[in-house]
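Below is one structure; the comments refer to it alone.
Read-outs: derived from the displayed coordinates by stated rules, not from any lab. Remember, it's a predicted structure, so these values are computed and weren't measured experimentally. Every residue, glycine as well, gets a Cβ built from its backbone with ideal geometry; the counts of neighbours run over all protein chains shown.
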Amino acid sequence: MRLPPPYEAALVRALHSTSGAAARWAGAGRLNDERLRQRIAEEFGISGGFGSERERVDYWGGIQPEIEITVGADTPVHLSGRELLSAVREALKITRPGELF
């Protein structure tokens, strides 16, 4: 799932909101869906978020990680399940085991 640039940037920031996240993602390699879901949950922790005048991001880890991103006055984008996995794969360029690119 390809997100518009401001939403994708917010997702990437949420996935890198804890110390050392960039190194953990860089060393993640090719992840199957279950392992990717676990990595997202680990990075999101129990819950978290951040915001500014133009953006609000809330995320939750656990068994079913999810994220809600609001940019400006637009309707919030809520991602969980396969949509979240797809958006993370696209944003971080993570392939599945066996995929060439």
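Percent of alpha carbon pairs in segment 1-45 separated by more than 11 Å? When all Cα pairs of segment 1-45 are counted, 69 percent exceed 11 Å.
Per residue, the average separation of C-alpha pairs within less than 8 Å and at least 6 apart gives the chain a relative contact order of 30 percent. Our estimate of slack between residue 68 and residue 82, defined as 0.36 nm per intervening residue step minus the Cα-Cα distance, is 3.6 nm. Placing unit charges on the Cβ atoms only, positive for Lys and Arg and negative for Asp and Glu, gives segment 56-97 a dipole magnitude near 280 debye about its Cα centre. Seen from residue 42, the other residues with C-beta closer than 14 Å to its C-beta sum to a net charge of +2, counting Lys and Arg as +1 and Asp and Glu as -1.
Placing +1 on the Cβ of every Lys and Arg and -1 on the Cβ of every Asp and Glu, with nothing else charged, gives the chain a dipole about its Cα centre of roughly 400 debye. Normalised by 2.2 N^0.38 Å, where N is the number of residues, the C-alpha radius of gyration of segment 49-101 stands at 1.34. In loop segments of segment 51-101 as defined by DSSP, the GluC sites (Glu not before Pro) with at most 15 further C-beta atoms inside 10 Å of their C-beta are 53, 99. Distance between the C-alpha centres of segment 57-75 and segment 1-50: 12 Å, rounded to the whole angstrom. Taking trypsin sites (Lys or Arg not before Pro) as exposed when their DSSP state is a loop state and no more than 10 other Cβ atoms lie within 10 Å, the longest site-free interval of the chain runs over 3-53. Output the Kirkwood hydrodynamic radius of the chain, Cα pairs only, in Å rounded to one decimal. It works out to 13.6 Å.
Each other residue within a Cβ distance under 9 Å of residue 90 adds +1 if Lys or Arg and -1 if Asp or Glu, for a net charge of +2.
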